[in-house]
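Below: the structure, in structure tokens.
Since every read-out is calculated from the coordinates, none of them should be taken as a lab result. As the structure is a prediction and not an experimental result, all values here were calculated from the model. Note: ideal-geometry Cβ built from the backbone for every residue, glycine included; neighbour counts use all protein chains shown.
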């Protein structure tokens, strides 16, 4: 892969200081470049006060879903929750189990066969509802099935649950719906028996569009909105403020799903992080101990890199029920045991990912004509299904093109696909030429990430069709990574105080990324390699007047140290965040790239956004 392109920040208006976005010129520039353009919008963006739940009844199907669930609670029906195996699905399932148990007045430990039954599939079972799961839940006495983080594309399974097993079904989903409201089309005669709650349903005539903010809500967020709707309908779902008691689980799921931290998600995650830090559940506290993350210091980035991979590891390497039980237990001793198991699975995940990534990379890079291919496809029997998405993402990063990584089993290949910016995977897979290849298989997901199952014999044809789609999109591969610079910063502001000021933009993540700041003409006083394998680089740069040195880390960049011998004055793109060490905050600067100062002319975009000293 070539070095990243440095994309210039958008130009700032000359009267930015007069617009009242923020007193700090850096924060004002960052707000402007995030689309915050006036004082009122800036105030709303930075307001850290707790917010009420978004209006749940904006979502199509929510009123009908809340009515049916309330009826089940009041009648003492057995309700079954079926989720997904990733962090979002597990968090959403835990949220619903806790809320409905509270609504039913249940105490003690939750169990999968209790009045609120629950089930999450293993990766071997595959994504989405299955007849085996429906049969097991119906045989256990459930009369209402709530499918969360799945279901909107499981038309045949929902029909089987309603028509074959006599269940009523509520689907709470946030995925794109390539076939429109297919469940309603199939079960229109039983509309009161199968309700789909989704912002991606086709617009309802006479009602306003739900808007992109609601379309970005994760499955955990949709589950939370159902709980809010239940509370507004008079169901006692627990706590003094029932619609806000589950925001920690919303934060875990939303961050785990890499949903955009804008609009409703921004306040949901910000308020959820407050709960995670101030009163963590037993399972979260145990997970934090295993991850070396002290409650009270968690931000969205910390959750994404420390907690979410561990929750996902259970589903990737074993049984996601381990992660689900961790979020359901209130027993600290049981939580500690479950967290230890999650940590073991996470270590196994790292080892398997390293092995499969090497095998997949060798397979694609030795294919005849590989340099002319626009899509990387790797598949083999015996590959651990749960880590294929991670491996696909590594192929994308290494080769700069969309990647599919699949496990072959019994004539079918199942796995994950990841894309590059500018190429919508789900749209491409849904095109007539690709869709016809799936046969009894399926696909689904988002524009940049999808899951799929396809006859192995059709994989070469699918690769060819996707190759043509990438070419038609006008993308030249490899697509180099891009560093979208947010602002230029004087080296004198390489300080803890600047990192504290930047924390006003939290929560940071998808849609509101960690700011990338460029420092020009920075002298490197000295450097060293670090880590057990000496793969990482540590720079000590001169930060402004007075000879003050600041430590800047660069992961996996030890081999670039030789570049500093010829040119010790560099332009540097870095992030500035707060790190907590022994209970005390400190500056952590992590470089994303550097260049000799003379080479760092603008590459793309408009004029640089220079933040003056002081």
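Over the Cα atoms of the range 405-511, what is the Rg over Rh ratio if Rh follows Kirkwood?
Rounded to two decimals, Rg/Rh equals 1.20.
Over the range 118-250, what is the mean sequence separation of C-alpha contacts under 8 Å (at least six apart), divided by residue count, expressed as relative contact order in percent?
That works out to 18 percent.
Considering Cα pairs under 8 angstrom that are at least six residues apart, work out the relative contact order of the chain and quote it in whole percent.
Computed over the chain, the figure is 15 percent.
Hey, could you pull the Cα Rg and Dmax for the range 453-544, both in Å?
21.5, 62
List, largest first, the extents of the alpha carbons of the range 370-442 along their principal axes, each in whole Å.
Result, largest extent first: 31, 29, 21 Å.
Could you give P(r) for the range 56-244, binned at 5 Å from zero, as whole percent values over all Cα-Cα pairs?
In whole percents, the pair-distance histogram is 1, 9, 18, 23, 23, 15, 8, 2, 0, 0.
Have a look at the range 276-404 and give its Rg and Dmax from the Cα atoms, expressed in angstrom.
Final numbers for Rg and Dmax: 17.7, 57 Å.
Normalising by the residue count of the range 367-472, find the relative contact order in percent from Cα pairs under 8 Å and 6+ residues apart.
Averaging sequence separation for qualifying contacts and normalising by length gives 25 percent for the range 367-472.
What is the angle, in °, between the Cα long axis of helix 247-256 and the longest principal axis of the Cα atoms in the chain? Nearest 10 is fine, range 0 to 90.
Its long axis makes an angle of about 70 degrees.
With runs of 4+ DSSP H residues as the only contributors, calculate the mean residue ellipticity of the chain at 222 nm using -39,500 (n - 2.57) per run, divided by the residue total and rounded to the nearest 500.
-10500 deg cm²/dmol
Separation of the range 44-111 and the range 310-345 by C-alpha centroid, Å?
The range 44-111 and the range 310-345 have Cα centres spaced 21 Å from each other.
Angle, helix 87-103 long axis vs. longest principal axis of the chain, Cα atoms, 0 to 90°, nearest 10?
50
Considering every Cα-Cα pair within the range 149-188, what fraction, in whole percent, is farther apart than 11 Å?
Cα-Cα pairs in the range 149-188 separated by more than 11 Å: 62 percent.
With each pseudo-label sitting 7 Å past Cα toward Cβ, what's the residue 15-residue 582 distance in nm, one decimal?
Once both label points are built, they end up 5.2 nm from each other.
What order do you get for 252, 539 when you list them from fewest to most C-beta neighbours inside 10 Å?
So the ranking, lowest neighbour count to highest, is 539, 252.
Rounded to the nearest 5, what % of DSSP beta bridges with both residues in the chain are antiparallel?
60
By what distance, in whole Å, do the Cα atoms of the chain stretch along each of the three principal axes, largest value first?
Computed over the chain, the largest-to-smallest principal extents equal 75, 61, 53 Å.
Taking the 0 to 90 degree range and rounding to the nearest ten, how far is the long axis of helix 332-365 tilted relative to the main principal axis of the chain, both from C-alpha atoms?
Tilt relative to the chain: about 70 degrees.
Which ordering of 189, 175 is given by a fewest-first count of other beta-carbon atoms within 10 Å?
Least crowded to most crowded, the residues run 189, 175.
I need the calculated FRET efficiency for the pair residue 190 and residue 431, taking r as the beta carbon distance and R₀ as 51 Å, to the nearest 0.05.
0.95
Using Cβ counts within 10 Å as a stand-in for footprinting exposure, how do 249, 273 rank, fewest first?
Arranged by neighbour count, lowest to highest, 249, 273 become 273, 249.
Just to be sure I understand: of the beta bridges DSSP finds with both ends in the range 367-472, what percent are antiparallel, rounded to 5?
Looking only at bridges with both residues in the range 367-472, the antiparallel portion is about 75 percent.
In whole angstrom, note down how far apart the Cα centers of the range 363-408 and the range 146-168 are.
Using only Cα atoms to place each centre, the spacing works out to 33 Å.
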